[in-house]
Every structure is written in structure tokens, then in C-alpha cells.
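Reviewing the structure listed below.
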Amino acid sequence: QVHLVESGGGLVQAGGSLRLSCAASGRTFSSYVMGWFRQAPGKEREFVAAISWSGGSPYYADSVKARFTISRGNAKNTVSLQMDSLKPEDTAVYYCAATRAKWNWGTPGEYDYWGQGTQVTVSS
């Protein structure tokens, strides 16, 4: 129903910045919440940020608050994650996801669709 594709990952030095983008296609309902998660090898998938379909009510994990900014495009079929002041512990595969849930945006199980992921590596 919904296809998500992430882009923008790469290798960056600690303190640097990256901007991730997620493009949605297919039957993308306007009520979908868009979120970003990340997962390092051997670790659980971790919530990063989410934003409502309208582009309001951004929600961030404490670990990235004040460093990352999530936003939606004008057409509401894209979502970006601006990552500043990157740290080595930010290294992970970052996934874009979509959910129709109105609550618990930080829970992976609430999300219905997932992208393939994009690698972010922060060197020290």
C-alpha cells in the first residue's frame, strides 16, 4: 500500500551533519504519521523522531533532541531528518516508517510500513 525509500546516509565526522530524506509512494493516506528509527547491529530498533501528517507535533527521542530536526515536505509525501552535531553513537541504519496510529509514535510495533534503511556512520 505504501512504499518508502530512504536516502542521504553516508560517512561523516563527529560534529558534522547529514540530512536524510524519505520518499513515500503508493496509497499514502494523509493521516499517516511518519517516523524515523535506527538500528545498530545486535541492538534493538530505536525510535528517533516522528511527525504528524500535517507537519506539526514533532516528537523526538531524548538522545537526539536539540540535535535532530524532522520535517515534512510541502506535498506531505516526503519526510526529512536533519542531523546536526552527530556523535559516534548515532551510527546505525536509519529507517523511515509510516503509521496510522495516533498514539505511541515511539513504538516500532505501531508502524505499518518501513523503508529499506540507509546507513549512517559517524567517525571519531
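The values are calculated or read from the model by the stated rules, or taken from the named source; none is laboratory data. All of these numbers come straight from a predicted model, not from anything done at the bench. Every residue, glycine among them, receives a Cβ derived from its backbone with ideal geometry; neighbour counts consider all protein chains shown. Just the protein is used for accessible areas: all its heavy atoms, side chains included, with ligands, DNA and RNA removed. Shrake-Rupley method; radii C 1.70, N 1.55, O 1.52, S 1.80 Å.
Observations on the model:
- Scanning the range 46-61 for residues that are aromatic (Phe, Trp, Tyr), open to solvent by 60 Å² or more (accessible area, probe 1.4 Å) and either farther than 23 Å from Val2 by Cβ or assigned to a strand (DSSP E or B) (or both) returns a single hit, Tyr59.
- Condition met for Ala101 (open to solvent by less than 60 Å² (accessible area, probe 1.4 Å), in a loop (DSSP other than H, G, I, E, B) and out of contact with any Leu (no Cβ under 9 Å at 6 or more places or on another chain)): yes
- Scanning the range 104-120 for residues that are part of a strand (DSSP E or B) and either more than 11 Å from Thr91 (Cα to Cα) or open to solvent by less than 40 Å² (accessible area, probe 1.4 Å) (or both) yields Tyr113, Trp114, Thr118, Val120.
- Failed item in (1) without any contact (Cβ under 8 Å) to a residue 60 or more places away in the chain; (2) open to solvent by 80 Å² or more (accessible area, probe 1.4 Å); (3) under 14 Å from the mean Cα position of the chain (by Cα), with Arg19 passing the rest: (1)
- Apart from one condition, Ser123 fits all of (1) surrounded by fewer than 14 Cβ atoms within 10 Å (Cβ to Cβ); (2) touching a helix residue (DSSP H, G or I) at 6+ places or on another chain (Cβ under 9 Å); (3) over 18 Å from Gly8 (Cα atoms); (4) modelled with pLDDT of 90 or more; the exception is (3).
- Within the option set Val64, Val79, being out of contact with any Ser or Thr (no Cβ under 9 Å at 6 or more places or on another chain), among the aliphatic types (A, V, I, L, M) and buried (at least 22 other Cβ atoms within 10 Å of the Cβ) holds for one residue only, Val64.
- When residues in the range 24-45 are screened for being on the phi < 0 side of the Ramachandran plot and open to solvent by 70 Å² or more (accessible area, probe 1.4 Å), 7 of them pass.
- For Ala24: the one exception among (1) at pLDDT 95 or above; (2) not in a loop (DSSP other than H, G, I, E, B): (1)
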